[in-house]
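The values are calculated or read from the model by the stated rules, or taken from the named source; none is laboratory data. Everything quoted here is computed from the prediction, not taken from an experiment. Ideal geometry is used to build each Cβ from the backbone, glycine not excepted, and the neighbour counts take in all protein chains shown.
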Amino acid sequence: MTDPDLDEVVWQAWKALELPEGYRAEIVEGAIEVWPAGRLPHALVANRVRDALECFLRGDEHSAYQVMDVICRRKGWVPDVFVAPEALDAYVDEDGLGVDAEAVHLIVEVVSPGKANQDRDRIRKRREYARAGIPVYVLVDDHDGQGAVTLLTGPRPDKADWEDIHRVPYGTDVTIPEGPAKGFVIGEAITGPKRG
């Protein structure tokens, strides 16, 4: 019998985790990361995004989701909000732990305070989502200047990066350019006005 590779060991350890309520765990770039769920300002923005997406997608075959694992090649993430088909049963990963990343059309992360949290969303998860081929990644970031929204499209899995990166300060509308959420606007109703 051969030793399982490191990805499999990390995957099995992640599956076995029993966290206290209010904590999340993800596998990001081969490591398990655990942190407390977002504080109230974080949760309010994530809920505004999800509610607005639900209204936008009403009558479509897609829906907005929160607090659900997205699985890709022995990696597991818990995005703040994502868009996937309404009928998720066909897209459950092989271990039944979450939705397969291939079904995800859009991910929105609301950046939390603290360098480790910011690095996870801005750098490590940015690379992971590109590797997974997620078509659209949006960062809503209170901690980027006076607040900024960054829209990343055109994932390059081979480079773990994105072809198109568009960053605007709070107070400027960002429109999703493709997929089921095409035309959805992230603006002051979600972020609030530009501060400063």
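What tally of residues in the stretch 13-26 results from selecting those that are among the hydrophobic types (A, V, I, L, M, F, W, C), surrounded by 14 or more Cβ atoms within 10 Å (Cβ to Cβ) and out of contact with any helix residue (DSSP H, G or I) (no Cβ under 9 Å at 6 or more places or on another chain)? Quick ask: steps written out before the conclusion?
Going through the stretch 13-26, the residues among the hydrophobic types (A, V, I, L, M, F, W, C) turn out to be 13-14, 16-17, 19, 25.
Remaining after also requiring surrounded by 14 or more Cβ atoms within 10 Å (Cβ to Cβ): 14, 25.
Remaining after also requiring out of contact with any helix residue (DSSP H, G or I) (no Cβ under 9 Å at 6 or more places or on another chain): 14.
So the count comes out to 1.
Residues that are crowded, with 19+ Cβ neighbours inside 10 Å, outside any loop (DSSP other than H, G, I, E, B), in contact (Cβ under 8 Å) with a residue 40 or more places away in the chain and among the hydrophobic types (A, V, I, L, M, F, W, C) do occur in the stretch 4-12. Every condition in (1) at pLDDT below 95; (2) closer than 24 Å to residue 67 by Cβ; (3) surrounded by fewer than 16 Cβ atoms within 10 Å (Cβ to Cβ) holds for residue 112 except the one numbered (3). Looking at the stretch 14-35 only, could you name the residues that are under 14 Å from residue 120 (Cβ atoms) and out of contact with any Leu (no Cβ under 9 Å at 6 or more places or on another chain)? The answer is 24, 26, 27, 28, 29, 31, 33, 35. Residue 167 falls short of the stated requirement of being in a helix (DSSP H, G or I) and either among the small types (Gly, Ala, Ser) or more than 23 Å from residue 86 (Cβ to Cβ) (or both).
So, in the stretch 27-43, of the ones that are without any contact (Cβ under 8 Å) to a residue 60 or more places away in the chain and under 15 Å from residue 116 (Cα atoms), which residue ends up surrounded by the most Cβ atoms within 10 Å (Cβ to Cβ)? So that I can check it myself, show each step before the final result.
Of the residues in the stretch 27-43, the ones without any contact (Cβ under 8 Å) to a residue 60 or more places away in the chain are 27, 30-32, 34, 36-37, 40, 43.
Within this subset, residues satisfying the condition of being under 15 Å from residue 116 (Cα atoms) are 27, 31-32, 34, 36-37.
Working: 27: 23, 31: 10, 32: 14, 34: 12, 36: 12, 37: 13.
So the residue we want is 27.
Residue 46 meets the conditions (1) surrounded by 12 or more Cβ atoms within 10 Å (Cβ to Cβ); (2) of a type in the set (Gly, Ala, Ser); (3) in a loop (DSSP other than H, G, I, E, B) in every case but one. The failed one is (3).
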